[in-house]
Amino acid sequence: MPYQDLRAFLTALKSAGELVEIERPIALKYDIGKALAKASSVQGPALMFNQTGTEFPLVAGAFGNRRLALLAFEATEQTIHEKVLNGIDNPIGPVDFEGTPPCQDVVLTGDEIDVTKLPVPTYSPKDGGPYITAGIVVSENPETGTPDIGNYRFQVFGPKELGLFSAPNHRFGKNIAHATEMGKELHAALVIGVDPMTMFSCQVQSSDKTNDWFVAGGLRGAPVELARTVSNGLKVPAHAEIVIEFTVDTKNQKMEGPLGEYTGYYTPASPKPIARITAITHRKGAIFQGLLTGKPITENHVLKQIPFETSILRQLQGLFPTISDLSINSSGGVQVYIVIAMKPRYEGEARQAILATMASNLHPKWVIVVDPDVDIRNPAEVEWAQSFRVKPTEDVFIVNRTAAGPLDPSTDGGFSSSVGVDATKPFGVEFPEVSEVPGWRDFDLPEINK
Ligand SMILES: Cc1cc2nc3c(=O)[nH]c(=O)nc-3n(C[C@H](O)[C@H](O)[C@H](O)COP(=O)(O)O)c2cc1C
């Protein structure tokens, strides 16, 4: 059975020695950020802060490194990609929760709404204020009603107001733009503290027509139980810790930011839409979830890597079945630097695969294709392929004015350019044999294994 909720996962982390509880009081302003940066520097355990100066404890770093991500997926390095691909290939629809859902143990509406009562950290002195960074947004296509879930950052502006940022190429941003075009209000919910597979499913790349609850169910191997919100008719995970229901106000924008982001740079403040809170509901003894984002590698990158790699691999394999593996490096923010292993079936096919990858919603700036004998997760091997299998004038090309990630500080407005490198051996001609001493892998040399 999958973890039913965040609590079940935290219990598993605790019994694996991967959750440390901190009982002394901790300042929400900066100290949580410092503690997370420190824990992350040693690939440390998740941290639970029990005294936050509010009525709620705060857990952060729950998916802070690869080891914890594998625990969340209940997989090993050997099984992870197959397990996720199996989930993507076998979606499972959600079911309705019967009765009053746990996420509505406490219901706050009208004058009771006050988001500043939650333990929302200000991670770094240069951040524009307290940020909710680990929430998932539930919104719907205003025309078709198709639900979308995704992770988005929210700055606390006041008791009933949050600032929000969605890139225009992400579905929440598209739903906001679509609703504005139709002259409709967009209702949404910011859900904090969900089961691990629902959290990771937010990053699975799928078409805009996909009902994301099916993806979450596929990864879980069991349906997500949903409950209707109290103020705006959406459906949210019944076992979530906290649900902030809101309406998006695009007419009255306010300065949001800066925030240290996944690129490793602060994004400057700029006017953004306001989330006007219509209700807050939570479980009894709700646990708030925090997450540090910033210079790679942070929890933000860990959340993206496995779902991005597997779902982009599946998309590309539909066109190029001889693609055997795909790696999206953390150093490139798990976005702009993609390496593909492929055995081209005809001359020029590697280049076709590069162009298709550039067209993905990640908007990569570097796409490198190598032969399957190269270990794409070992930068030295990829550099070796680029060094000795590439004729730069023929195999390296630049596509101008490709759409850019809006937070990339090196880009010019909405556009960038993308580099493709075909580092596969020349097609259909003899190429020298790789020089390796045969049999070295199995050679018994106990003297160096001491
Ligand atoms: C922790 C975290 C925070 C994120 N914050 C934002 C954000 O504030 N705005 C945004 O546009 N994308 C953000 N993203 C990226 C999107 O959630 C992600 O790329 C998602 O796949 C986009 O959703 P879509 O596939 O439905 O378009 C964040 C990702 C993570 C893991």
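Taken together, the values in this text are just the output of simple stated rules run on the coordinates, not laboratory data. Only a predicted model underlies this, so the values are computations on that prediction, with no experimental measurement involved. Note that we place each Cβ from the backbone using ideal geometry, even for glycine, and neighbour counts take in every protein chain shown.
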A chain fully extended from THR54 to GLU394 at 0.36 nm per residue, minus the present Cα-Cα distance, gains in nm 116.3 nm
Simple spin-label estimate for ASP114 and TYR265 in nanometres, 7 Å along Cα-Cβ: 4.0 nm
Can you pull the semi-axes for the range 4-50, root of five times each eigenvalue of the Cα gyration tensor, sorted largest first, whole Å? 20, 13, 9
Given all pairs of distinct Cα atoms, the range 320-423 yields a Kirkwood Rh in Å of 13.8 Å
Full extension from ALA37 to PHE415: what is 0.36 nm times the residue separation minus their Cα-Cα distance, to one decimal in nm? 132.9 nm
Potential extension, MET255-GLU181 segment - 0.36 nm per residue separation minus Cα distance: 24.4 nm
Just to be sure I understand the model, the point goes 7 Å from the Cα along the line to the Cβ. What's the resulting ILE448 to THR144 distance in nm? 5.6 nm
Taking amide H atoms as placed 1.01 Å from N in the peptide plane, list the residues 5 or more away in sequence, or in a different chain, whose amide H sits under 5 Å from that of LEU291. THR133, ALA134
GNM flexibility winner over the chain from PHE320, PHE427, PHE214 (Cα, springs under 10 Å): PHE427
Of all the C-alpha pairs in the chain, what % are more than 44 Å from each other? 14 percent
Treating cross-link reach as a plain straight distance, find the aspartates and glutamates whose alpha-carbon is under 19 Å from the alpha-carbon of LYS425, omitting any fewer than eight places away in the same chain. ASP325, GLU347, GLU349, ASP371, ASP373, ASP375, GLU381, GLU383, GLU394, ASP395, GLU433, GLU436
Quick one: work out Rg over Rh on the C-alpha atoms of the range 185-311, Rh as Kirkwood radius. 0.97
Net dipole in debye of the range 163-232 [+1 Lys, Arg Cβ; -1 Asp, Glu Cβ; about Cα centre; nearest 20]: 60 debye
